[in-house]
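The values are calculated or read from the model by the stated rules, or taken from the named source; none is laboratory data. Bear in mind that the values here come from a model prediction, so they are computed numbers and not experimental data. Every residue, glycine as well, gets a Cβ built from its backbone with ideal geometry; the counts of neighbours run over all protein chains shown. In case anyone asks, the SASA skips ligands and DNA or RNA and just uses the protein heavy atoms, side chains included. Shrake-Rupley method; radii C 1.70, N 1.55, O 1.52, S 1.80 Å.
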Amino acid sequence: MKNFKKFWKLGREEFNTQFFDVSKDGGLVVKEGNYQYNFHDLVNRFNSPLEVVFPFIIEKRLNDLMQTFNYHLKDQNYKGRFYYHYPMKVNQNKEFVLSLISEGANLETSSYNELWLVRKLWEQGQFSPRIRVICNGPKTDKYLGLITELRDKGLSIIPMIEDLNEYESLKKYRGDVGIRLCLDIKIKSHWDKKFDRYGLISEEIIDLGRIRNLKILHYHIGSQVIEQDDFVRAAKKAMEVYIELKKDNPSLDTLDIGGGLAVPYEKKKSYNVSNIIKKIIITLKRESEQAGINPPNIICEWGRYMVAPAQVTIFKVLCEKPILNGAAKKWYVIDGSFINDMIDTWAIHQKWHITPVNNIKAKKLNRVWLAGSSCDSDDRYTAGGTYTLLPRLEDIDNGGWQYLVILDTGAYQDPLASHHCLLSSPAKVIAQNGVITVARRRETADEVGRLFGW
Ligand SMILES: *Cc1c(COP(=O)(O)O)cnc(C)c1O
């Protein structure tokens, strides 16, 4: 008897699948305490494509992260505090943002429209003035106006100076400000660029001398950072600037290390997050001691890491087609689109962990590539030129359908989604406390047509 749970890499904390299990009849389930959600039941009820969100996973991940940071701060006798700021751009859906702020997250916005949502929450009485909001992104007059408006209403809003014009505009800001450092450092990730355009270089920052109400030095090294040591190297380099800047700016007391922590999408390698955190803390402490200053409070904005594992996307296999001379033997055509709804797949060959929703105990599997439903030849998933394993379609009982689920789809999907071939976006349901609620119905043809002026 094969261990199906192990085979599909379910129930593994280091891969964020500890809540996933296989039911007796070979169905994929997620367990929230004593509640259990069966994916096959969900697609029978809500149809596919379907996104399923698990707020309890978000809350658990945030609590784990805060605990780990606080554990190491204490363990290292570090005289500074930790704050988590959720970068809203990663997923602005309300159930994500509310789950996080209710558990103690602060926020980071990247645009006027995101900050506008903060104002909306505040007007609805759902936003505590204790939650701090860091404002990144180009400060248009509109954005600056809203920053000032919210700060005057008593919210804790900290704009980040990202260029010299913003420095001028924010000179009179009556509240804490931060400044963003463009670290000249090479990072191993899909997105690392030869030229980084965000923030100011260290010489520009130091040349400013005294910056009114300066509280935070901020940097962001990239996303899905592969090498754990890159976080430590970056922290060390940023501390050099912090120490220099602190000479003219005694109010500076916080280092914001940005985002970047990776998600083990492929379930092959896992990251020792506790160890990364420990090393960052040790580095900041050592550099501060050597310079004879208090160690900075630490902000992190790990976004993808926080929310990707809290959502999955389910598709139906519509049919199969033969592949001649490929690493895989068959195309499985799905009822959704990688181009539209699994955004990085075609562009940068994002890899995913894919398991069956039903028939998980099938003994015979096909080596497949997945084909999306749009008519774009890039709308496909080939697992980087290898293959994905899924049950044979002829083994499905009673003329039913084979469904598959793609894990870790909670980050950077909805805001970047599109409507190629006017396909509808997946419907979205929230699973919480044993109850399923519909967060987004499947769009009708009329609704999609309207986006195009029909
Ligand atoms: C995108 C971004 C983040 C989040 O990055 P992740 O890779 O999702 O952790 C955090 N901070 C800033 C400034 C960003 O631009």
When every residue in the stretch 102-138 that is within 16 Å of the ligand (Cβ to nearest atom) and open to solvent by 20 Å² or more (accessible area, probe 1.4 Å) is compared, the one nearest to Gly410 (Cα to Cα) is Ser110
Of those in the stretch 415-441 that are polar (S, T, N, Q) and assigned to a loop (DSSP other than H, G, I, E, B), the residue nearest to Asn34 (Cα to Cα) is Asn433
Residues of the stretch 87-101 being open to solvent by less than 40 Å² (accessible area, probe 1.4 Å), in a helix (DSSP H, G or I) and either touching a Gly at 6+ places or on another chain (Cβ under 6 Å) or within 12 Å of the ligand (Cβ to nearest atom) (or both), in sequence order, are Met88, Val90
Within the stretch 176-207, restricting to residues that are more than 26 Å from the chain's Cα centre (by Cα) and crowded, with 17+ Cβ neighbours inside 10 Å, the one that is nearest to Leu115 (Cα to Cα) is Asp176
Considering residues that are in contact with a Ser or Thr (Cβ under 6 Å, 6 or more places away or on another chain) and of a type outside the set (A, V, I, L, M), the number found within the stretch 224-253 is 2
Quiz item: Among the residues of the stretch 263-275, is there at least one that is part of a strand (DSSP E or B) and within 16 Å of the ligand (Cβ to nearest atom)?
Solution: no
_Among the residues of the stretch 248-259, are any closer than 19 Å to Arg304 by Cβ, out of contact with any Asp or Glu (no Cβ under 9 Å at 6 or more places or on another chain) and assigned by TED's automatic domain parsing to the domain that holds Leu208?_
no
Inset, instruction - For Ile276, indicate whether it is in contact with a His (Cβ under 7 Å, 6 or more places away or on another chain), open to solvent by less than 10 Å² (accessible area, probe 1.4 Å) and in the same structural domain as Gly178 (by TED's automatic domain parsing). - result: no
Original post:
Within the stretch 156-171, is even one residue within 15 Å of the ligand (Cβ to nearest atom) and touching a helix residue (DSSP H, G or I) at 6+ places or on another chain (Cβ under 6 Å)?
Top reply: yes
- Residue in the stretch 22-39 that is in a helix (DSSP H, G or I), open to solvent by less than 10 Å² (accessible area, probe 1.4 Å) and not aliphatic (A, V, I, L, M) present: yes
Condition set assigned to a helix (DSSP H, G or I) and in contact (Cβ under 8 Å) with a residue 24 or more places away in the chain, scope the stretch 442-454, selection surrounded by the most Cβ atoms within 10 Å (Cβ to Cβ): answer is Val448
Note on Gln350: of the conditions (1) farther than 30 Å from Val133 by Cβ; (2) part of a loop (DSSP other than H, G, I, E, B); (3) touching a helix residue (DSSP H, G or I) at 6+ places or on another chain (Cβ under 6 Å), unmet is (1)
Screening Glu244, Glu287, Glu204 for residues that are farther than 30 Å from Glu168 by Cα and either part of a loop (DSSP other than H, G, I, E, B) or more than 16 Å from the ligand (Cβ to nearest atom) (or both) leaves only Glu287
Expected single match for within 17 Å of the chain's Cα centre (by Cα), open to solvent by 50 Å² or more (accessible area, probe 1.4 Å) and in the same structural domain as Tyr381 (by TED's automatic domain parsing) among Lys329, Lys361, Lys351 is Lys351
Here the residues within the stretch 209-241 that are of a type in the set (A, V, I, L, M, F, W, C), part of a loop (DSSP other than H, G, I, E, B) and within 16 Å of the ligand (Cβ to nearest atom) are Ile221, Ile226
